[in-house]
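Written below as structure tokens is the structure these notes are about.
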Amino acid sequence: MDIAATRGWIQAIAATIEEHTDQLTQLDSAIGDADHGTNMHRGVTAVLDMLADLEPATVGEILLKTGNTLVSSVGGAAGPLYGSVFRAMGKALNAPEVDGEQVLAALTDGLVAIQRLGAAEPGDKTIVDAYAPAIAAWGTALSAGKDLTAAAADAAAAAEHGMRATTRLAARKGRASYLGARSIGHQDPGATSTALIFRALADTVATS
């Protein structure tokens, strides 16, 4: 995964967030502040503006600046959470090209950053419920001898499965936790945007 593919991933994230802004807002209106879609769209729009003038020397430079931009432009909890992911990945991938093992290590650093900030665990009905199974699937794929493209595809599928599984969970973190059992039956918006990000990565590396 080189600089061009990394730039392509971020652009693909922006495109899929734009496409799904209304869906993310509707999901968040059921159990949150109804602003996840608009906040994420604002963030990725700012990221695209940043990328237009960026001539990076490493994969990590793109990701680090993406994280910084998300923190400064996305409202609510999503900005610090996603910003921390991309910052952590950026610090880990200080090279012009990286392999599947390096990307897995960086994604793992991103999960650690999210959990440090939000204190969420699998089953809490959050981003983590899509993110954790994604990196587990990525690691399993690499252990089985699969390449980066296949590992990313497996990770995206696992993230989407985790996303759908949040529907049956009661929220234990964030604003949704105030609803208790009433949050059951609603898909988590953060897990949904996380699954979109992993699918964007899988699609990007498949065509790079």
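Structure values in brief
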| item | result |
| --- | --- |
| One residue from Ala4, Ala15 being hydrophobic (A, V, I, L, M, F, W, C), closer than 27 Å to Thr166 by Cα, surrounded by fewer than 18 Cβ atoms within 10 Å (Cβ to Cβ) and modelled with pLDDT of 95 or more | Ala15 |
| Check on Ala30, surrounded by fewer than 23 Cβ atoms within 10 Å (Cβ to Cβ), modelled with pLDDT of 95 or more, out of contact with any strand residue (DSSP E or B) (no Cβ under 6 Å at 6 or more places or on another chain) and in a helix (DSSP H, G or I) | no |
| Search result, residues across segment 35-56 that are more than 15 Å from Ile17 (Cα to Cα) and either open to solvent by less than 60 Å² (accessible area, probe 1.4 Å) or touching a residue at least 60 places away in the same chain (Cβ under 8 Å) (or both) | Met50, Leu51, Leu54, Pro56 |
| Which listed residue, of Val59, Val85, Val74, is at pLDDT below 95, open to solvent by less than 50 Å² (accessible area, probe 1.4 Å) and among the β-branched types (Val, Ile, Thr) | Val74 |
| Condition met for Ser72 (outside any loop (DSSP other than H, G, I, E, B) and under 22 Å from Gly185 (Cβ atoms)) | no |
| Scope segment 33-61; condition in a loop (DSSP other than H, G, I, E, B) and over 26 Å from Ala92 (Cβ atoms); matching residues | Asp33, Ala34, Asp35 |
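Let's see how each residue does on (1) within 12 Å of the chain's Cα centre (by Cα); (2) without any contact (Cβ under 8 Å) to a residue 24 or more places away in the chain; (3) within 29 Å of Arg42 (Cβ to Cβ):
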residue: Asn94; (1), (2), (3): no, no, yes
residue: Gln102; (1), (2), (3): no, yes, no
residue: Ala119; (1), (2), (3): no, no, yes
residue: Gly123; (1), (2), (3): no, no, no
residue: Thr126; (1), (2), (3): yes, no, yes
residue: Arg164; (1), (2), (3): no, yes, yes
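The values are calculated or read from the model by the stated rules, or taken from the named source; none is laboratory data. All values reported here derive from a predicted model rather than from experimental measurement. Cβ sites come from the backbone with ideal geometry, for glycine too, and all protein chains shown count toward neighbours. For the accessible areas, the whole protein counts, side chains as well, though only heavy atoms, and no ligand, DNA or RNA atoms are used. Shrake-Rupley method; radii C 1.70, N 1.55, O 1.52, S 1.80 Å.
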